[in-house]
1. Which one is farthest from Asn63 (Cα to Cα), of the residues in the stretch 124-140 that are in a strand (DSSP E or B) and of a type outside the set (Ser, Thr, Tyr)?
2. Scanning for something free of Cβ contacts under 8 Å to residues at least 60 places away in the same chain and part of a strand (DSSP E or B), does the stretch 141-151 turn up at least one residue?
3. Out of (1) in contact with a Cys (Cβ under 9 Å, 6 or more places away or on another chain); (2) part of a strand (DSSP E or B); (3) hydrophobic (A, V, I, L, M, F, W, C), the odd one out for Ile103 is which?
4. So Ala102 clears everything in (1) in contact with a Leu (Cβ under 9 Å, 6 or more places away or on another chain); (2) without any contact (Cβ under 8 Å) to a residue 60 or more places away in the chain; (3) closer than 23 Å to Cys170 by Cβ except one condition, right? Which one?
5. Among the residues of the stretch 176-210, which ones are open to solvent by 30 Å² or more (accessible area, probe 1.4 Å), part of a strand (DSSP E or B) and out of contact with any His (no Cβ under 6 Å at 6 or more places or on another chain)?
6. Mind listing whichever residues of the stretch 106-123 are part of a loop (DSSP other than H, G, I, E, B) and either open to solvent by less than 20 Å² (accessible area, probe 1.4 Å) or β-branched (Val, Ile, Thr) (or both)?
7. Here is a list: Leu160, Leu136. Which entry is out of contact with any His (no Cβ under 7 Å at 6 or more places or on another chain) and open to solvent by less than 20 Å² (accessible area, probe 1.4 Å)?
8. (1) touching a Lys or Arg at 6+ places or on another chain (Cβ under 8 Å); (2) of a type in the set (Ser, Thr, Tyr); (3) at pLDDT below 80: which one isn't true of Tyr15, the others all being true?
Amino acid sequence: PNEQESLSSSLFIDYLKLTSQIKTSRIGITFDDNGGSLYIDEELNMKKHCNINNKNTLSCELNLVKFGNNITYSQSESTVEFDMKNSYILAPGNVGTMLLVAIAINIKKYFCIDHELYGYYYITCKGDKLSEIYKLYPSVDFHLMADRVINVLSIPTKDLFACDTVNNECVFQIIGNVYYLEQKWIFGTVIYNSNVIQIDYDNNKIFFSFKNELNIQMNKNRTTILITINSISLFLLIGSELTIYSKKTI
């Protein structure tokens, strides 16, 4: 839903509820090299979350942004909003752009250049230098506040470069807009490459987990289920054999 549309009146969710295809309204999304995965009404057991705000839009309170150990951004009453119309992350206003300026200064030795066009500020780097950047700055970490607890949504830096292999030029996909004065970061689809996002409409929460962490947990759950099934099967087999043996003895 867009900003003007209430989450509770989402036609997609209402249709699935009406046709009894889902019991609640949880939707989980992640992308991978083959496209993506969609989890509908599935309990993924994720712990980290932020709350859907009182305007009923997909926003969370932003506490801090970190890039490496020495570049940070913090501003009170900033939020993030999840949006699937764009791939990049939009940093708002002068303060958000200043974070990008600090990033550009720190990575310029890797043949990175900053640009400004029609109020948009962005960074480009040479593709053959990116591995060195990844080592020094492995991720961008967004610290999101929910119920007085800070949860970190980490986005690997390798997910934040879109490259033109012909020209060996890559665009850093956090882009500033000095004319966008509202203190709200817009998260595009780039965050789904390594993270699973689950929106729980009924409880007004957005859960998130690094995909590898979630896979480990889901594999543990599957292993537990398989062990239980195998144990029950073995128990039934032993019981059956004992029954046959006792009948033969009699």
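1. By that ranking, first place goes to Lys126.
2. Scanning the stretch 141-151 turns up at least one residue that is free of Cβ contacts under 8 Å to residues at least 60 places away in the same chain and part of a strand (DSSP E or B).
3. With respect to (1) in contact with a Cys (Cβ under 9 Å, 6 or more places away or on another chain); (2) part of a strand (DSSP E or B); (3) hydrophobic (A, V, I, L, M, F, W, C), Ile103 is out only on (2).
4. The number of the failed condition is (1).
5. Across the stretch 176-210, the qualifying residue is only Phe210.
6. Passing the criteria: only Gly119.
7. That would be Leu160, the only listed residue that is out of contact with any His (no Cβ under 7 Å at 6 or more places or on another chain) and open to solvent by less than 20 Å² (accessible area, probe 1.4 Å).
8. Unmet for Tyr15, out of (1) touching a Lys or Arg at 6+ places or on another chain (Cβ under 8 Å); (2) of a type in the set (Ser, Thr, Tyr); (3) at pLDDT below 80: (1).
The values are calculated or read from the model by the stated rules, or taken from the named source; none is laboratory data. Every value quoted in this text rests on a predicted model; they were computed, and no experiment measured them. Heads up, the Cβs are rebuilt from the backbone with ideal geometry, glycines too, and the neighbour counts pull from every protein chain shown. In case anyone asks, the SASA skips ligands and DNA or RNA and just uses the protein heavy atoms, side chains included. Shrake-Rupley method; radii C 1.70, N 1.55, O 1.52, S 1.80 Å.
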